[in-house]
Amino acid sequence: MSGPNLHHALLRPPIIQILRAAGFHSTRPSVLDTVVDIAARYLMLLGSSAAAHALNSHPDDPAPNLDDIRLALQDAGALRPQMRDTEETWRGEEDLRGLEAFLSWFMGPANREIRRIAGFVPSEGDVIDADSLEKEDYLTALKKKHSKTGEESRYAGTVLGKDADPHPIIIEGGAATSIREWGMQIRAREPSTESVSSAISSVPSSLSDAEGMEI
């Protein structure tokens with residue numbers, strides 16, 4: 001798989017979760033690919049714009065910082081409503097409406113629903129709504145839909161379920177009852193390297209001398 005195809009495939013799951021959080025539960029593959037391509041182009045625009053602002057603002061350290069990302073979001077039209085720099089200078093005040101609107105969306109119910117659909121579990125100490133606890137994420141609902149008994153035993157030992165309990169493998173037809181015991185027996189049967197070397201060194205030198213041997 002080439003680089004663009006891999007990046008496109010990695011971007012599909014987040015876009016699907018965002019569409020599900022917005023209320024779209026089905027779509028055609030061509031429509032999904034179009035939305036993913038638009039999102040990829042938008043991310044490329046934000047990245048290139050942030051890199052350009054970083055190169056112009058601090059060329060010695062071209063790594064984008066928070067101000068460069070804010071300017072890139074402003075160039076892409078993500079921070080609205082927003083006054084121009086000349087208008088802010090003329091008024092003598094900084095317009096923060098666009099930034100506050102973006103923060104309110106990021107910390108608001110829309111993004112919270114996206115995180116719930118994606119299956120993100122809130123960390124300890126986070127304040128969450130009681131309604132969100134009653135809702136189930138997409139994966140849990142899908143597992144219950146395809147499970148006739150409602151149990152998760154069929155998913156045990158897979159990435160969708162809990163880790164399976166380790167069961168020892170019993171070897172039948174021999175004295176060893178487990179692979180570990182069988183390995184210990186095999187290692188005990190093998191002669192050690194020191195014993196082999198000592199046996200070779202104990203051979204008389206007359207036997208190794210071909211000239212002294214009588215045929």
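All of the numbers you see were taken from the coordinates with simple rules; none came from a lab. Since the model is a prediction, treat every value here as computed from it, not as a measurement. Ideal geometry is used to build each Cβ from the backbone, glycine not excepted, and the neighbour counts take in all protein chains shown.
Enumerate the pairs (first residue in region 52-72 and within 20 Å of PHE102 (Cβ to Cβ); second residue anywhere and aliphatic (A, V, I, L, M) and surrounded by 14 or more Cβ atoms within 10 Å (Cβ to Cβ)) with beta-carbon separation below 6 Å, excluding pairs fewer than 6 apart on the same chain, so at least 6 apart or on different chains.
Qualifying pairs under 6 Å: HIS53/LEU71; PRO64/ALA50; PRO64/ALA54; ASP68/ALA50; ASP68/ALA54; ILE69/ALA50; ALA72/LEU46; ALA72/ALA50.
When region 90-119 is examined, which residues are found to be assigned to a loop (DSSP other than H, G, I, E, B) and of a type in the set (D, E, K, R)?
GLU93, GLU94, ASP95
For region 50-89, how many residues meet the condition of being surrounded by fewer than 17 Cβ atoms within 10 Å (Cβ to Cβ) and not in a helix (DSSP H, G or I)?
13
Assess whether LEU96 counts as being surrounded by 11 or more Cβ atoms within 10 Å (Cβ to Cβ) and under 30 Å from the mean Cα position of the chain (by Cα).
no
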